[in-house]
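> The following block contains the structure, expressed as structure tokens.
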Amino acid sequence: NLLRPETVESLWVMWQVTREAEYRDWAWLIFRAFEKHTRVPSGGYASLDSVLHVPPKQRDKMESFWLAETLKYLYLIFAEEDLLPLDAYVMNTEAHPVPIKWDPNEAPAKGQGETKQQGVVRRALAALREQMGG
């Protein structure tokens, strides 16, 4: 076990699609196994050499995707159900939510300024429209 996110990501997607409790149950079992076998006394978590031996031998390594992706999906599967609905967001390969429908010409929500990325996209689209005569 390298603390990889793909399994819990799949469980989160299946939970979002079906709302069947078994996906949350399996995620909880996975989390408990991570706690039991990969947590290190000094803090953090370690990858395992093999899951076929109990107790498993821990590696002296915690991959960054453990914190950035695996724990994020574990959080999301137990978070409020409409936090990141699949009809409004897609997750990129680094587990960052990206809005599906985003109009760069739409004004930012009240009290929120334009993000740097929104500004870059808005200006790029404006430049393309100008070059195309529109």
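> State all residues of the stretch 95-117 that are surrounded by 11 or more Cβ atoms within 10 Å (Cβ to Cβ), modelled with pLDDT of 70 or more and not in a strand (DSSP E or B); if no residue qualifies, say none.
Scanning the stretch 95-117 gives A95, H96, I100.
> Please specify each residue of the stretch 78-94 satisfying the condition of being in a loop (DSSP other than H, G, I, E, B), closer than 23 Å to W28 by Cβ and not charged (D, E, K, R).
The answer is A79, L83, L84, P85, L86.
> Another one. Tell me, please, whether a residue that is under 19 Å from the mean Cα position of the chain (by Cα) and among the small types (G, A, S) can be found in the stretch 28-43.
The answer is no; no qualifying residue exists.
> Specify the residue that is farthest from D87 (Cα to Cα); the eligible residues are those in the stretch 18-66 that are in contact with a helix residue (DSSP H, G or I) (Cβ under 7 Å, 6 or more places away or on another chain) and either in a strand (DSSP E or B) or open to solvent by less than 60 Å² (accessible area, probe 1.4 Å) (or both).
The extreme case among them is P56.
> Give me the residue from the stretch 1-17 that is over 14 Å from Y73 (Cα atoms) and assigned to a loop (DSSP other than H, G, I, E, B) and, out of that set, modelled with the highest pLDDT.
Restricting to residues being over 14 Å from Y73 (Cα atoms) and assigned to a loop (DSSP other than H, G, I, E, B), the top hit is L2.
> Okay, moving on. Evaluate the following for D87: is it modelled with pLDDT of 90 or more and surrounded by fewer than 10 Cβ atoms within 10 Å (Cβ to Cβ)?
Judged against the criteria, D87 is not a match.
The values are calculated or read from the model by the stated rules, or taken from the named source; none is laboratory data. Predicted model, so just to flag it, every value in this text is computed and none were measured. Positions of Cβ are generated from backbone atoms using ideal geometry, with glycine treated the same way; all protein chains shown enter the neighbour counts. Heads up: the accessible areas ignore ligands, DNA and RNA and are worked out on the full protein's heavy atoms, side chains in. Shrake-Rupley method; radii C 1.70, N 1.55, O 1.52, S 1.80 Å.
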